[in-house]
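Novice: Please read through the structure below; I'll follow up with questions.
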Amino acid sequence: MKIIVCIKQVPDAKDVRLDPKTNTLSREGVQAIMNPYDRHALEEAVRLKEQHGGTVTVLSMGPPQAEEMLREAVSCGADEAVLVSDRAFAGADTWATTYTLSQAIKKIDDFDLILCGKQAIDGDTAQVGPGLAERLDIPFVAYVRKINDCTASAIRAERLMDDGYDLVEVPLPALFTVVKEINEPRIPSLKGKMRAKKIDITKLTAVDIEADPEQLGLKGSTTQVVKVFSPELKGARAMLVGTADEQVAQLYEKLSPLL
Amino acid sequence: MDYFLSEEQQMIVDVARQITDEMIIPQRSELDETEEYPRDILTAIAKADLYGLYIPEEYGGLGGGCFDIVLALEQFARGCTGVATAFAASALGAYPILISGSDELKQKYMPLIASGEKLAAFALTEANAGSDASGIQTTAVLDGDEWVLNGTKQWITNAGEAQIYTVIAITDKSKGPRGATMFVVEDTDPGFSYGVKEKKLGIRCSSTRELIFKDCRIPKDRVIGRIGMGFITVMKTLDQSRPGIAILGVGLGQGALDEAVNYAKQRVQFGKPIISFQAVQHILADMAIQVEAGRALVYSAAKHIDAHKNDMSKASSMCKVFATDMAMKVTVDAVQVLAGYGYMRDYPVEKMMRDAKILQIYEGTNQIQRNVIGQELNKEYTRSS
């Protein structure tokens, strides 16, 4: 089974700060990590490989520094790593990103399953997984919490819903986005780390993936950011006093006009 | 301090540190309370390849030595000496095969131990054979193609959890020190069972039980090395393994120092963090000096052992005594810095203090270690005069 896992380097949520002047994400001095949901996708891919055989290729679109994250993915069990990197990709929204990734995947060509995290913790759109499936014209299942069964031609999985789960079967190739409930990602192994240090990471540019320049980066993006701002923190609050019964009565009085 | 580790050695530290921070530290308090064997942590250690650190590549390991396993153990002990003991016990059980076993025996058992698929345990101690190993009463008698073992081993770490046991038994009482032989016993061998789990002061998540042999029959080819060479294998095993205990003292001492300094920075009395008081600073400074001195000695001893296979006793015993006496003192001091809070189970230092005590006792008491050092000095100075 050949599995591609799409992973993204994101700023560590523990250190996220906004530049008060520009209202953009301040990346200076912030540690870049593998998107946590992608880590679960990678773990699931490695487990599938361990059960059924095959290979796991990690794919990332990002700046040259994303190489470090790809090496980490190799230390956690990925066999191959591909970095799609080009200045032309800068400013891409999810539309342009799915175009770029789909071109790269067409270049890799051979795959049975693509796994992604359900969303990245920086943009939080959850659009790249489904968008990519659409571009590749393959079945898509979101919020996968468990992969039950997998044959050469079909795969059965549980999709987490608000009120339970759906049992879904789709033909392969397919694309799944996974939730964190799917597994507990492993700690890198020593042999994995040694392999990661030595591995040659495949690097692809816009030319290598035969991309249409008009569809890349900011130029190819349909989303235009008009304004980013921090909502003003309003201090209005009221303290209720008295016995519990009195406070309930006061609260009811305040809430009833809103009902 | 920078010990100029190679890139591979730094990787060992990084992997072991991640397991310690993400798995061991969050679970240690509960493991101490429940006394449950840390199976999921040991599985993670196995998956991270660390069970094979000291085992040659031809037997499925990573081909490292004493220093490599010491680096991993230091991290584990910083988190929990009980978990670190459970991990180290498999190496102690494996060393007799590695040191004296035939190639067939190594081929059979080492890859399983290196992958962590099976755990090993070492069985020397008996009710009447502690510091005086010659008091062993377990016997092994050859009957056709099988050895028949009878007797009881006491306080065996990993008992009931391991699948591969290296056991010393008397094969010819008349030959004295040359009358003992080591064997491999498997958990499924007929006539082999375990006693109750001991209740201990510290390292409570590690398993300590009796091994009971009642006409336990094992195939003839399970002899480790030659018949009658059991004690020599035991001594070589302990020389090799003791830095692994010494480093538990260093890791534990470091963990206690970390807790004490972090607490002293936060705890405010008389309007200031207590770290600003010289009385506290001096305790912390002495702790730091001792931990670093212990680390330097254990690292040096481990490197010496990796380079001088025939001259390890003194270095091995010296680092064990120093680092484990240090751990006892440093953990007591950590409780003193945290004072009332330190005495409560809400903070990890009381557990660290309880855990430290065993380090001065097992794998040869620190008094026995001083005997070894004294005898080695006598030999050395006799040779040189």
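Every residue, every condition in (1) over 25 Å from residue B:124 (Cβ atoms); (2) free of Cβ contacts under 8 Å to residues at least 40 places away in the same chain; (3) surrounded by fewer than 18 Cβ atoms within 10 Å (Cβ to Cβ), yes or no:
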{"site": "B:282", "(1), (2), (3)": "yes, yes, yes"}
{"site": "B:287", "(1), (2), (3)": "yes, no, no"}
{"site": "B:318", "(1), (2), (3)": "no, no, no"}
{"site": "B:323", "(1), (2), (3)": "no, no, no"}
{"site": "B:348", "(1), (2), (3)": "yes, no, no"}
{"site": "B:385", "(1), (2), (3)": "yes, yes, yes"}
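Novice: Being charged (D, E, K, R) and under 16 Å from residue B:219 (Cβ atoms) narrows it down to one of B:172, B:187, so name that one.
Specialist: On the way: B:172 fails: under 16 Å from residue B:219 (Cβ atoms).
Going through B:172, B:187 in turn, just one is charged (D, E, K, R) and under 16 Å from residue B:219 (Cβ atoms): B:187.
Novice: If you check residue B:104 against the conditions, is it out of contact with any helix residue (DSSP H, G or I) (no Cβ under 8 Å at 6 or more places or on another chain), away from every other protein chain (no Cβ under 14 Å) and surrounded by fewer than 24 Cβ atoms within 10 Å (Cβ to Cβ)?
Specialist: No: the conditions fail for residue B:104.
Novice: Go through (1) surrounded by 12 or more Cβ atoms within 10 Å (Cβ to Cβ); (2) farther than 25 Å from residue A:115 by Cβ; (3) of a type outside the set (A, V, I, L, M, F, W, C) and name the single condition residue A:20 misses.
Specialist: (1)
Novice: Touching a residue at least 24 places away in the same chain (Cβ under 8 Å) and within 10 Å of chain A (Cβ to nearest Cβ), is that true of residue B:12?
Specialist: Numbers: touching a residue at least 24 places away in the same chain (Cβ under 8 Å): yes; within 10 Å of chain A (Cβ to nearest Cβ): yes.
Against the criterion (touching a residue at least 24 places away in the same chain (Cβ under 8 Å) and within 10 Å of chain A (Cβ to nearest Cβ)), residue B:12 qualifies.
Novice: Out of segment B:15-27, which residues are away from chain A (no Cβ under 11 Å) and not aliphatic (A, V, I, L, M)?
Specialist: B:26, B:27, listed by residue number.
Novice: While we're looking at this one, here's another question. For a quick check of your reading: which helices (runs of 4 or more DSSP H) sit entirely within segment B:294-385 and have at least 2 residues that are modelled with pLDDT under 95?
Specialist: B:366-384
Novice: One residue is enough: does segment A:112-130 have a residue meeting the conditions loosely packed, with under 15 Cβ neighbours inside 10 Å, modelled with pLDDT of 95 or more and not hydrophobic (A, V, I, L, M, F, W, C)?
Specialist: No - not one qualifying residue is present in segment A:112-130.
Novice: Out of B:202, B:228, I need the residue that is under 30 Å from residue B:106 (Cβ atoms) and assigned to a loop (DSSP other than H, G, I, E, B). Which one?
Specialist: Numbers: B:202 fails: under 30 Å from residue B:106 (Cβ atoms).
When all the criteria are applied, what remains is B:228.
Novice: A further question on this structure: Exactly one condition in (1) buried (at least 24 other Cβ atoms within 10 Å of the Cβ); (2) away from chain A (no Cβ under 14 Å) is false for residue B:51; which is it?
Specialist: (2)
Novice: Listed residues B:68, B:32; which is modelled with pLDDT of 95 or more and either touching a strand residue (DSSP E or B) at 6+ places or on another chain (Cβ under 8 Å) or more than 14 Å from chain A (Cβ to nearest Cβ) (or both)?
Specialist: B:32
Novice: Continuing with the same structure: Looking only at residues in segment B:35-48 that are surrounded by 18 or more Cβ atoms within 10 Å (Cβ to Cβ) and either closer than 17 Å to residue A:195 by Cα or in contact (Cβ under 8 Å) with a residue 40 or more places away in the chain (or both), which one is farthest from the other protein chains (Cβ to nearest Cβ)?
Specialist: Ranking the candidates gives B:37 first.
Novice: Out of A:199, A:187, A:155, I need the residue that is closer than 29 Å to residue A:2 by Cβ and under 20 Å from the mean Cα position of the chain (by Cα). Which one? Spell out how you get there, then give the answer.
Specialist: Working: A:199 fails: under 20 Å from the mean Cα position of the chain (by Cα); A:155 fails: under 20 Å from the mean Cα position of the chain (by Cα).
When all the criteria are applied, what remains is A:187.
Novice: Testing residue A:148 on (1) touching a residue at least 40 places away in the same chain (Cβ under 8 Å); (2) surrounded by 11 or more Cβ atoms within 10 Å (Cβ to Cβ); (3) of a type in the set (S, T, N, Q), one condition comes back false. Which one is that?
Specialist: The failed condition is (1).
Novice: Of these, A:166, A:149, which one is modelled with pLDDT under 95, not aliphatic (A, V, I, L, M) and not in a loop (DSSP other than H, G, I, E, B)?
Specialist: Values: A:166 fails: modelled with pLDDT under 95.
Testing whether each residue is modelled with pLDDT under 95, not aliphatic (A, V, I, L, M) and not in a loop (DSSP other than H, G, I, E, B) leaves just A:149.
Novice: If you don't mind, another one. Do we have residue B:258 as under 26 Å from residue B:103 (Cβ atoms), surrounded by 14 or more Cβ atoms within 10 Å (Cβ to Cβ) and within 25 Å of the chain's Cα centre (by Cα) here?
Specialist: Numbers: under 26 Å from residue B:103 (Cβ atoms): no; surrounded by 14 or more Cβ atoms within 10 Å (Cβ to Cβ): yes; within 25 Å of the chain's Cα centre (by Cα): yes.
No; evaluated as a whole, the condition is false for this residue.
Novice: Consider segment B:116-129. How many of its residues are touching a residue at least 40 places away in the same chain (Cβ under 8 Å) and farther than 17 Å from residue B:95 by Cβ?
Specialist: So the count comes out to 1.
Novice: Same structure, new question: If you go through segment A:172-190 one residue at a time, do you hit one that is away from chain B (no Cβ under 14 Å), surrounded by 11 or more Cβ atoms within 10 Å (Cβ to Cβ) and over 28 Å from residue A:104 (Cα atoms)?
Specialist: Looking for residues that are away from chain B (no Cβ under 14 Å), surrounded by 11 or more Cβ atoms within 10 Å (Cβ to Cβ) and over 28 Å from residue A:104 (Cα atoms), one finds at least one in segment A:172-190, hence yes.
The values are calculated or read from the model by the stated rules, or taken from the named source; none is laboratory data. Since this is a predicted model, take the numbers as computed values, not measurements. Quick reminder, even Gly has a Cβ in these numbers, built from the backbone with ideal geometry, and neighbours come from all protein chains shown.
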